[in-house]
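Worksheet: the structure to be examined is printed underneath.
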Amino acid sequence: MKRKILITGGAGFIGSELVRQMGQSKDQVIVLDKLTYCGDLARLESVKNMIKFCKVDIADKEQLRALFDKVRPDYVIHCAAETHVDRSIVDNTPFIKSNILGTQNLIDVSCAFKVKKFLHVSTDEVYGEHVCGYFKENDPLQPRNPYAATKAAGEWLVQSAVKTHKFPAMIVRPCNCYGPWQYPEKLIPVVISKTLTDQKVPVYGQGLQVREWLHVADCCRAMQIIFRKGKTGEVYNIGSGFEQKNIKTVMAIIKLLGKDQKIIKFVKDRPGHDYRYSVDFNRLKSLGWKPKIPFEAGIKITIQWYIQNQKWLKQKQAKP
Ligand SMILES: NC(=O)c1ccc[n+]([C@@H]2O[C@H](COP(=O)([O-])OP(=O)(O)OC[C@H]3O[C@@H](n4cnc5c(N)ncnc54)[C@H](O)[C@@H]3O)[C@@H](O)[C@H]2O)c1
């Protein structure tokens, strides 16, 4: 019998890459997604005949229970979330609903239906900022923006279910991902789309924040290895070791697109903008994973993808 794997948020940026990778396997992949402004079935076009799609809001427990009753998943990989920090600063309500309440609903229903394994996708932002050094999995969570606070709350709910209900969950904390199909409100696709259309490229503050970048395909390969070999109750950082100041990333993209650096426009910094995130991912390395796509190559492939998919980019820019 095929194993049934439910992937929440499978129409999003990371979830869809995971579905494209896992959709080819012997397992039956079921995608659950609310299709918010960020979700898009176009990302699943190449695997649409190999997967099942269900439009469900995880914040609605009855909808979720009905879905579990129908499909009875053996495993759950939980990617669904509201994900944009700027939006959480303006209004955190949808983040609280999806990232906290939605996660609790998913835990409850997964427990009730005796799911065998649950992989919870968190973020390195739960640690807060680090001026130097690397965050280790046992470091305290000190989220500093509303999005990160809801992600930390979501993981604490998962961790508490592991302790109280022996819930068979693992948690991953990826660093910043980039690659094709990312919604153009995040740094890299914003810079590419603005540069391609000869608009000013906004950079927060002086662009001195440091981020660790990982290609989304590498991130999803890491998630699959953790899903297969990881230990229940364990947390795994997913990093790349490639750190760069945002201004350097912006300038590199503009240069690769052959445009003038004068299109950079420094704008008022995001309130509470974390200076730097960086993770120690030795625990993940011990499972036999390392990143395959260096940033220099990954960013070129990503830019090419956006050049070839400008119609999609335009549609997204038209949305709020
Ligand atoms: N992108 C990154 O760099 C990054 C880094 C670390 C962690 N993460 C985490 O990885 C996960 C995926 O991130 P992403 O970048 O693919 O996000 P995304 O915003 O591209 O996709 C999120 C998906 O979740 C769906 N969704 C949102 N609320 C939902 C709800 N209530 N019910 C059902 N579906 C819902 C959306 O429709 C969308 O398809 C998130 O949990 C995020 O916190 C992302």
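With a point put 7 Å past each Cα toward its Cβ, work out how far Q304 is from Q261 in nm, to one decimal.
Label-label distance for Q304 and Q261, simple model: 2.6 nm.
Among rounded, prolate and oblate, which fits the chain when a ≥ b ≥ c are the square roots of the eigenvalues of its C-alpha gyration tensor, a/c under 1.5 means rounded, and a/b larger than b/c means prolate?
prolate
With a 10 Å radius around each residue's Cβ, average the other Cβ atoms per peptide and rank 210-216, 162-168, highest first.
Numbers: 210-216: 22.7, 162-168: 14.7.
For the peptides 210-216, 162-168, the packing ranking is 210-216, 162-168.
Would you mind getting me the FRET efficiency between F113 and Q206? Use the beta-carbon distance for r and R0 = 35 Å, nearest 0.05. All intermediate terms of the calculation are to be shown ahead of the outcome.
Working: r = 50 Å, r/R0 = 1.44.
Rounded to the nearest 0.05, the efficiency is 0.10.
Of the cross-linked pairs K2/K163; K55/K117; K34/K229, which ones have a Cα-Cα span greater than 25 Å in the structure shown? List each step's numbers first, then the result.
Values: K2/K163 30 Å; K55/K117 22 Å; K34/K229 29 Å.
Those over the limit are K2/K163; K34/K229.
With an 8 Å Cα cut-off and a minimum separation of 6 or more residues, compute the relative contact order for segment 143-217 in percent. Working shown, then result.
Numbers: 39 pairs, mean separation 22.4, N = 75.
Over segment 143-217, the number comes to 30 percent.
With contacts defined as alpha carbon pairs under 8 Å and 6 or more residues apart, what's the relative contact order of the chain in percent? Spell out each step's value before the answer.
On the way: 594 pairs, mean separation 55.6, N = 320.
Result for the chain is 17 percent.
In angstroms, what radius of gyration and Dmax does segment 1-85 have, counting Cα atoms only?
In Å, with Rg to one decimal and Dmax whole: 12.0, 41.
If you average the C-alpha positions of segment 72-107 and of segment 152-212 separately, how far apart do those two centres end up, in angstrom?
So the two Cα centres are separated by 13 Å.
For labels at K166 and E296 in the simple 7 Å Cα→Cβ model, what's the distance in nm?
According to this spin-label approximation, the distance is 5.2 nm.
How much length, in nm to one decimal, is gained on full extension between V90 and E45, taken as 0.36 nm per residue of separation minus their Cα-Cα distance?
Numbers: separation 45, 0.36 × 45 = 16.20 nm, distance 3.28 nm.
Contour length minus Cα-Cα distance gives 12.9 nm.
Just so you know, all these numbers are worked out from the coordinates, no wet-lab data involved. Remember, it's a predicted structure, so these values are computed and weren't measured experimentally. In this analysis, Cβ positions are derived from the backbone assuming ideal geometry, glycine residues included, and neighbour counts consider all displayed protein chains.
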